[in-house]
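Trainee: Quick one: structure below, then a few questions.
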Amino acid sequence: AQSVTQLGSHVSVSEGALVLLRCNYSSSVPPYLFWYVQYPNQGLQLLLKYTSAATLVKGINGFEAEFKKSETSFHLTKPSAHMSDAAEYFCAVSGTGANSKLTFGKGITLSVRP
Amino acid sequence: NAGVTQTPKFQVLKTGQSMTLQCAQDMNHNSMYWYRQDPGMGLRLIYYSASEGTTDKGEVPNGYNVSRLNKREFSLRLESAAPSQTSVYFCASSEPGGWREQFFGPGTRLTVL
């Protein structure tokens, strides 16, 4: 069975500071990995995904994530936080089969201080 | 294109009442999903439909039923609502395949008293 772990429930950064949201996965085979973002009172939308091509993946809004097999990690980063980045972020993992389904982490709320 | 739409946006039920949550997508996707979101729990899969005419249980199916009405529509029914079913419910759609992006609706906030 596959799973992801997002440690902590809340991260607070100052505007302009580095954003680092951690995600570790557990999977018996190389997985597909995703980061989704949920803005207040909205559904989820895809930020970026890893599908076994480049290990450094760039997404929307200046976010990127690096797949590190040796550390079983897929941490999300952004060099400079903006107020509009305040949201809840979910890491998710999927298998490689045609009927594979997403398994989400518990999510982490990002607050950005002026 | 509207993407994935859900109705209603909000609903309050009394214990034991029934209701159906509606979901429709206009992206011609084969696969559709129902999730529930609870604080500190992330999203958990209730049921999914890999293609029209098929449905399967997810992680937390107890107390729910689904119908894949056609390729566009996938409904979720609570036959006898319980307070433990108070949650935000999201519908999503995608093409089959673990690498595919799922597209989410805006959610239905359900409270069971």
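Trainee: Does anything in the range B:83-113 have its amide N under 20 Å from the 7 Å Cα→Cβ label point of A:Ser52, and if so which residues?
Mentor: Of the residues in the range B:83-113, B:95-102 have backbone N under 20 Å from the label point off A:Ser52.
Trainee: Between B:Val88, B:Val66, B:Val12, where does the largest GNM mean-square fluctuation fall for chain B, given springs only between Cα atoms within less than 10 Å?
Mentor: Highest fluctuation of the listed residues: B:Val12.
Trainee: Can you work out ³J(HN,Hα) from phi for every residue in the range B:16-32, in order, using Karplus 6.51 cos²θ - 1.76 cosθ + 1.60 and θ = phi - 60°, giving whole Hz and x for Gly and Pro?
Mentor: Computed from phi, the couplings for the range B:16-32 are x, 6, 10, 6, 10, 9, 9, 9, 9, 10, 10, 9, 6, 6, 7, 9, 9 Hz.
Trainee: Now for a different question. Please check: in the Gaussian network model of chain A (C-alpha springs, under 10 Å), which one of A:Gly43, A:Gly62, A:Gly16 has the largest mean-square fluctuation.
Mentor: For chain A, modelled as a Gaussian network with Cα springs under 10 Å, the answer is A:Gly43.
Trainee: For chain B, restrict the atom set to alpha-carbon positions and state the Rg and Dmax in Å.
Mentor: 13.2, 40
Trainee: From the protein chains alone at 1.4 Å, what is the descending order of accessible area for B:Arg77, B:Arg36, B:Arg44, B:Arg109, largest first? Show your work: numbers first, answer last.
Mentor: Working: B:Arg77 80, B:Arg36 25, B:Arg44 45, B:Arg109 115 Å².
Highest to lowest solvent-accessible surface, that is B:Arg109, B:Arg77, B:Arg44, B:Arg36.
Trainee: So for B:Ser93, A:Ser9, what's the accessible-area order with a 1.4 Å probe, most first?
Mentor: Values: B:Ser93 0, A:Ser9 85 Å².
So, going from the largest accessible area down, we get A:Ser9, B:Ser93.
Trainee: Regarding the protein assembly as shown, what is the average projected area of its C-alpha convex hull, in nm²?
Mentor: Numbers: hull surface 49.5 nm².
It is 12.4 nm².
Trainee: Check A:Val19: other-chain or 5+ apart residues with amide H under 5 Å from its amide H, H built from backbone geometry?
Mentor: A:Lys78, A:Ser80, A:Ala81
Trainee: Moving to a separate point now. Return the average number of partner chain Cβ atoms within 10 angstrom of each residue Cβ along peptide A:44-53. Working shown, then result.
Mentor: Numbers: counts 10, 4, 5, 0, 0, 3, 1, 4, 1, 0.
Per residue, the number of nearby Cβ atoms from other chains is 3 on average.
Trainee: Rounded to the nearest 10 Å², what accessible area does A:Glu64 show when all protein chains are kept and the probe is 1.4 Å?
Mentor: Accessible area of A:Glu64: about 50 Å².
Trainee: Which whole-Hz ³J(HN,Hα) couplings does the range B:97-113 yield from phi under the Karplus relation 6.51 cos²θ - 1.76 cosθ + 1.60, θ = phi - 60°, glycine and proline marked x?
Mentor: x, x, 8, 7, 6, 9, 10, 9, x, x, x, 10, 8, 10, 10, 10, 8
Trainee: Right, something else. Cut-off 10 angstrom, C-alpha nodes, Gaussian network model of chain B. Which of B:Phe74, B:Phe90, B:Phe103 fluctuates the most?
Mentor: The residue that fluctuates most here is B:Phe103.
Trainee: Work out the mean other chain Cβ neighbour count within 10 Å for the residues of A:100-108 and drop it here as an integer. Mind dumping the intermediate values first?
Mentor: Values: counts 5, 10, 10, 5, 7, 2, 6, 6, 1.
That works out to 6 on average.
Trainee: Hey, any idea what % of the protein assembly as shown's accessible area is carbon plus sulfur with a 1.4 Å probe?
Mentor: Values: 5350 of 10540 Å².
Solvent-exposed carbon and sulfur of the protein assembly as shown make up 51 percent of the total.
Trainee: If you count, for every residue in B:34-45, the Cβ atoms of partner chains within 10 Å of its Cβ, what is the mean?
Mentor: Counting Cβ atoms of other protein chains within 10 Å of each residue's Cβ and averaging gives 4.
Trainee: Put +1 on the Cβ of each Lys and Arg and -1 on the Cβ of each Asp and Glu in the protein assembly as shown; which of A:Leu7, B:Asn65, B:Met41 then has its Cα farthest toward the positive end of the dipole?
Mentor: Positive-most Cα among the choices belongs to B:Asn65.
Trainee: Say the cut-off is 21 Å between C-alpha atoms; which of A:Lys49/A:Lys78; A:Lys106/B:Lys14; A:Lys78/B:Lys9; A:Lys49/A:Lys69 go over it? The partial results should precede the final answer.
Mentor: Details: A:Lys49/A:Lys78 15 Å; A:Lys106/B:Lys14 28 Å; A:Lys78/B:Lys9 33 Å; A:Lys49/A:Lys69 15 Å.
Among A:Lys49/A:Lys78; A:Lys106/B:Lys14; A:Lys78/B:Lys9; A:Lys49/A:Lys69, the Cα-Cα distance tops 21 Å for A:Lys106/B:Lys14; A:Lys78/B:Lys9.
The values are calculated or read from the model by the stated rules, or taken from the named source; none is laboratory data. Being a predicted model, the structure only gives us computed values, none of them experimental. All Cβ positions, even for glycine, are placed from backbone atoms using ideal geometry, and neighbour counts span all protein chains on display. Remember, those area values only see protein heavy atoms, side chains included, never the ligands or the DNA or RNA. Shrake-Rupley method; radii C 1.70, N 1.55, O 1.52, S 1.80 Å.
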